[in-house]
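The numbers here are math on the coordinates, done by the rules we state, and not lab data. Since the model is a prediction, treat every value here as computed from it, not as a measurement. Cβ placement follows ideal geometry from the backbone for every residue including glycine, while neighbour counts extend to all protein chains displayed.
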Amino acid sequence: MLGAGWRRVAVVLAAVVGFAGAPLVGSPASAHPAGAAAVVDSRVTGATTANVDVIVQKDSASDHGPEAAIEHLGGTVTRDLSIVDGFAATIPTSATGELSSLDGIRAVTLDEKMQPTGLLGGGGGGNGQAALKSVAPQEMQADDMWRAGYTGQGVTVAVIDTGIANVPDLAGRIVPVKNDLNLLQAPQPCLNLSGEPDCTDNYGHGTFVAGLIAGNGASSNGAWKGIAPSANVLSVKVAGRDGSADVSNVLAAIQWVVSFKDRYGIKVVNLSLGTDSTQSYTVDPLNFAVEKAWDSGITVVVAASNRGPDAQTISKPGDDPLVITVGAVDDMGTPGLGDDELPDFSSHGPTAADGLAKPDVVAPGAHIVSLRAPGSDVDVQFPTYVDGAYRKGSGTSFSTGEVSGAVALLNQANPSWTPDRIKFALMATAHNVASTDAMAVGAGIVDVNSARTATAGLANQGVARSNGLGSLDLSRGSVLVTLNDPMGTLVSGTLTAQNLLWNPLVYTLGLWNPITWYTTDAAGSRWYGSRWYGSRWYGEVDGSRWYGSRWYGQATGSRWYGSRWYGSAWYGAWE
């Protein structure tokens, strides 16, 4: 049980959403002669529309004169792009002839939308996307599993996230949840620990992840299928409209999943989330929880995070030795592995506290297409849809969802396999891709069809378990929330998302089953809504600014993976 109260630790749900910016021209600023005319893309000056979107590269990143000059021409600066010492803007086409003479500018390029990579082939519907379809099932050999009759039928994947929208691609496969304490209440479409009044995915992340796990492509004539298109998904909602959640929400979510796994047939849990904590896994409460789930027979799949490419950037609980930790590759829109690249946002091992090799495997995670949650914040703020019912995203959140789908396929094909057997099979049959650095790609990209018939073996033999008695506050790392209570309480120390006190001994020593769940504070006390504390993680105030130069593109700046939205919540953002 959870004791007399828990202290709340904010989690970072791992997502970056796919924005493909224009290729840039020009040499480094230091090579641009002072006073020389700017190089202006002929497509800019030749534009036939009233306004044209451009990327402006400056001679000096600290010189804000070019921004002022663009606005003087009647333009609008739309985004800071420090990665290229410049900014994006919209300007009247009638003023483009003056660009080459502006001081402090070295190049102006058309800011064009490129076709999202990660897409290829036939199928699909409107919005000009009819020739596109996901190639992730081919890269991961899931399509071979489908032909062999394995689609995830009968397997339930618990998705601990922001909720899951009831959309056609998941119709009839979102598992309803019953509250045994309220026999008059009809089954609900989620377990709701978010503090919001219902199961609606008001942010949009959980629906996107669920589509990658189990979407059947119903709204796109099969073009945008998930990896296990017949699997069931069970929504455990831990975060609301701005994505904010505390580690205590996630701890309760995992405890519930373990307690009710047999009732709902849960064989996999997807955690596209994490914190930047560096507390050793051997004592951390969140690590204890994922290990409890693993040892109960649930395969736990966790995002590596989008804090790469530096070493020691794996998030918690992806730093746990037992779980399957997933990084991302860019499939470049083709089903072959030879052209895959390693996006800079994908985190690298070893783990910061314990020096463990991570990630374990990778999967496509750049410019991925999956399900919209209509009316969610992401959906409203970034209304760039694909085939009407879908949108684009990039991040280890999404490669994690794909691997959870692969695990569902293996569970159907080999019902007796344990999590250790599944992890061994996936790593033993993975293919080298994108990098020779095991701390970037682990064993390589998942080949689920080969894993189905992998030689015998078990992962994690002899691995020491966490005792869970470490600091809940340290498990939060730098990410904090405040409660939507009258005091705006900061969740820190031993407070929890229920404004109670955390009792680690009761939590770690208690049995996890349906009977004991209903005696815990998690089941019996109020969950508060929350919001990100202060200026948001890494100083983000809104989605318009970029953190660093490596989260969203290659070192050349020629490929973009998304613009931040609620940067504190998701290791990234949405287009």
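Before moving on, here are some points about what is shown:
- Estimated distance in nm for a label pair at Thr418 and Asn51, the labels positioned 7 Å out from Cα along Cα-to-Cβ: 6.1 nm
- For the range 320-465: rounded, prolate or oblate by the Cα gyration tensor [a/c cutoff 1.5]: prolate
- On the basis of the beta-carbon distance and an R0 of 25 Å, Asp295 and Leu356 show a calculated FRET efficiency of 0.90.
- Inter-label distance, Leu501 to Ala95: 6.2 nm, where each label sits 7 Å from its Cα along the C-beta direction.
- Fewest-first sequence of Tyr150, Tyr264 by Cβ atoms within 10 Å of each Cβ: Tyr264, Tyr150
- The order of His367, His64, His205, going from fewest to most other C-beta atoms within 10 Å of their C-beta, is His64, His367, His205.
- Sequence of Phe424, Phe345 once ranked by neighbouring C-beta atoms within 10 Å, starting from the fewest: Phe424, Phe345
- Here r is the Cβ-Cβ distance between Arg43 and Asn221 and R0 is 25 Å; the resulting FRET efficiency, rounded to 0.05, is 0.15.
- Each principal axis of the Cα cloud of the range 178-309 was taken in turn, and the coordinate range along them, longest first, works out to 46, 46, 32 Å.
- Neighbours of Ile314, meaning other residues whose beta-carbon lies under 9 angstrom from its beta-carbon, give a summed charge of +2 when Lys and Arg score +1 and Asp and Glu score -1.
- Environment charge at Asn449 (Cβ cut-off 12 Å; Lys +1, Arg +1, Asp -1, Glu -1): -2
- Net charge of Cβ neighbours under 10 Å - reference Asp59; Lys, Arg +1; Asp, Glu -1: -1
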